[in-house]
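Participant: Before I ask anything, here is the structure I am working with.
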Amino acid sequence: MATDYTPDGEATRLYGRYRRAREAEAELKDPVRVQAAVDLKAGATVGQLAKLTGLTSEYFRRVARAEGVERLRPPTVGKLKPEAESA
């Protein structure tokens, strides 16, 4: 295993960009969550916020539940189709 690894200039720039992007994401996480709570209470859907941010709809569903936002539709639980009655 090489212990004298030194990345070339392009790799160093790439890794630096990635590190800065992660730091920016961490810095924005709380403000985005707060804004999402406000927007969800104002009627935004989880799908709209997911599309705007690139985060998942599930992330915003969890924010909505934690903030007590009223559901826009009943939750989908169990089978979607009723079972056929046996003859």
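The values are calculated or read from the model by the stated rules, or taken from the named source; none is laboratory data. Values in this document were obtained by computation on a predicted structure and should not be read as measured data.
Participant: Do we find that Ala44 is modelled with pLDDT of 95 or more, not hydroxyl-bearing (Ser, Thr, Tyr) and not in a helix (DSSP H, G or I) in this structure?
Facilitator: Values: modelled with pLDDT of 95 or more: yes; not hydroxyl-bearing (Ser, Thr, Tyr): yes; not in a helix (DSSP H, G or I): yes.
Judged against the criteria, Ala44 is a match.
Participant: Among the candidates Ala11, Ala50, Ala44, which residue alone is within 11 Å of the chain's Cα centre (by Cα) and of a type in the set (A, V, I, L, M, F, W, C)? Give the derivation first.
Facilitator: Details: Ala11 fails: within 11 Å of the chain's Cα centre (by Cα); Ala44 fails: within 11 Å of the chain's Cα centre (by Cα).
Within the list Ala11, Ala50, Ala44, the selection yields Ala50.
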